[in-house]
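Below is one structure, written out as structure tokens, with a few remarks after it.
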Amino acid sequence: MDFRQHIFKAHNIPLPPPESTADDTEQLTPLKWSGYFESQQAIAVGDTTFNVYSSGLSNTGPIFVLHHGAGHSGLTFGLVARHIVTGSASNCTVVAPDARDHGSTTGANQHHLSLERLVDDFVGIIQTMFPNNTRDLVLVGHSMGGAVVAHAAASKRLGNVTGLILIDIVEGSAMDSLSSIPAFINARP
């Protein structure tokens, strides 16, 4: 008996019937990026060509840059990206790159995944896509991506960072990043 069954039984709640499909031979296939983002493009930074998903590139509001966790890709943020762009009255742009050695990104030294290199990549993607940017940036990172965006913000290499969102960041990186967060917050108006 699994935990769910135990809880239901302990509280005399009838178990719902198991989920099934009409055709048990149905194959699961990945959803297409185009259901969540408006474009997919290759952005060259140094020796690497980064796969970047985006929406709202012609908008003039804040730019949300979403960095995924280890072993994932920019598609991790598909639902979030679609919600930000379609549900936002602020005319936002969303950018979600595949990190080095992740997703569809290609190039030399793909296995060089030091935090410093990932931060350089992240900053390089933003600076290449938005040269001379004057729009507000909101940096969002999940797990490994949380450490990357925290260090990118602390480096002050990106102007106009008005938001920093860290989601389920890994403990070691979280502890290393904590010392940077107060300085970032205190530097904001």
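Within the range 86-99, restricting attention to residues that are at pLDDT 90 or above and either farther than 23 Å from Thr128 by Cα or not polar (S, T, N, Q) (or both), which residue is nearest to the chain's Cα centre (by Cα)?
Out of the qualifying residues, it is Ala96.
If I go through the range 43-85 residue by residue, how many of them are out of contact with any Gly (no Cβ under 8 Å at 6 or more places or on another chain), part of a loop (DSSP other than H, G, I, E, B) and either open to solvent by less than 10 Å² (accessible area, probe 1.4 Å) or within 19 Å of Asn133 (Cα to Cα) (or both)?
Within the range 43-85, residues that are out of contact with any Gly (no Cβ under 8 Å at 6 or more places or on another chain), part of a loop (DSSP other than H, G, I, E, B) and either open to solvent by less than 10 Å² (accessible area, probe 1.4 Å) or within 19 Å of Asn133 (Cα to Cα) (or both) number 6.
Pairs under 9 Å by beta carbon, first residue over 14 Å from Phe122 (Cβ atoms) and in contact (Cβ under 8 Å) with a residue 40 or more places away in the chain in the range 151-166, partner aliphatic (A, V, I, L, M) and open to solvent by less than 50 Å² (accessible area, probe 1.4 Å), six or more apart or different chains?
Partner pairs satisfying both residue conditions: Thr162/Leu137; Thr162/Val138; Gly163/Leu137; Gly163/Val138; Gly163/Leu139; Gly163/Val140.
Looking only at residues that are within 10 Å of the chain's Cα centre (by Cα) and outside any loop (DSSP other than H, G, I, E, B) in the range 124-143, which one is farthest from Leu75 (Cα to Cα)?
First pass over the range 124-143, keeping only residues within 10 Å of the chain's Cα centre (by Cα): 139-143.
Subset that is outside any loop (DSSP other than H, G, I, E, B): 139-142.
On the way: Leu139: 16, Val140: 14, Gly141: 13, His142: 12 Å.
By that ranking, first place goes to Leu139.
Looking at (1) open to solvent by less than 40 Å² (accessible area, probe 1.4 Å); (2) assigned to a loop (DSSP other than H, G, I, E, B); (3) touching a Ser or Thr at 6+ places or on another chain (Cβ under 7 Å), which one does Asn91 not meet, given that it meets all the others?
(1)
Of all the residues that make up the range 24-41, how many are under 25 Å from Thr86 (Cβ atoms), of a type outside the set (Lys, Arg) and open to solvent by 70 Å² or more (accessible area, probe 1.4 Å)?
Step one: of the range 24-41, the residues under 25 Å from Thr86 (Cβ atoms) are 29-41.
Adding the requirement that they be of a type outside the set (Lys, Arg) leaves 29-31, 33-41.
Going one step further and asking which of them are open to solvent by 70 Å² or more (accessible area, probe 1.4 Å), we end up with 29-31, 33-34, 38, 40.
Of the residues in the range 24-41, 7 are under 25 Å from Thr86 (Cβ atoms), of a type outside the set (Lys, Arg) and open to solvent by 70 Å² or more (accessible area, probe 1.4 Å).
Within the range 104-123, restricting attention to residues that are without any contact (Cβ under 8 Å) to a residue 60 or more places away in the chain, in a helix (DSSP H, G or I) and open to solvent by less than 30 Å² (accessible area, probe 1.4 Å), which residue is nearest to Gly71 (Cα to Cα)?
Among residues in the range 104-123 that are without any contact (Cβ under 8 Å) to a residue 60 or more places away in the chain, in a helix (DSSP H, G or I) and open to solvent by less than 30 Å² (accessible area, probe 1.4 Å), the one nearest to Gly71 (Cα to Cα) is Leu118.
What is the one condition in (1) free of Cβ contacts under 8 Å to residues at least 40 places away in the same chain; (2) on the phi < 0 side of the Ramachandran plot that Gly71 does not satisfy?
(2)
Scan the range 140-149 and tell me whether some residue there is touching a residue at least 12 places away in the same chain (Cβ under 8 Å), under 20 Å from Thr49 (Cβ atoms), loosely packed, with under 15 Cβ neighbours inside 10 Å and among the β-branched types (Val, Ile, Thr).
Applying the first criterion (touching a residue at least 12 places away in the same chain (Cβ under 8 Å)) to the range 140-149 yields 140-149.
This time we only want the ones that are under 20 Å from Thr49 (Cβ atoms), so: 145, 148.
Filter once more, keeping what is loosely packed, with under 15 Cβ neighbours inside 10 Å: none.
No, because not a single residue in the range 140-149 is touching a residue at least 12 places away in the same chain (Cβ under 8 Å), under 20 Å from Thr49 (Cβ atoms), loosely packed, with under 15 Cβ neighbours inside 10 Å and among the β-branched types (Val, Ile, Thr).
The values are calculated or read from the model by the stated rules, or taken from the named source; none is laboratory data. Here the structure is a predicted model, which is why all the values come from computation and not from measurement. Using ideal geometry, Cβ is built from the backbone for each residue, glycine included, and neighbour counts are taken over all protein chains shown. What goes into the accessible areas is simple: the full protein's heavy atoms, side chains included, and nothing from ligands, DNA or RNA. Shrake-Rupley method; radii C 1.70, N 1.55, O 1.52, S 1.80 Å.
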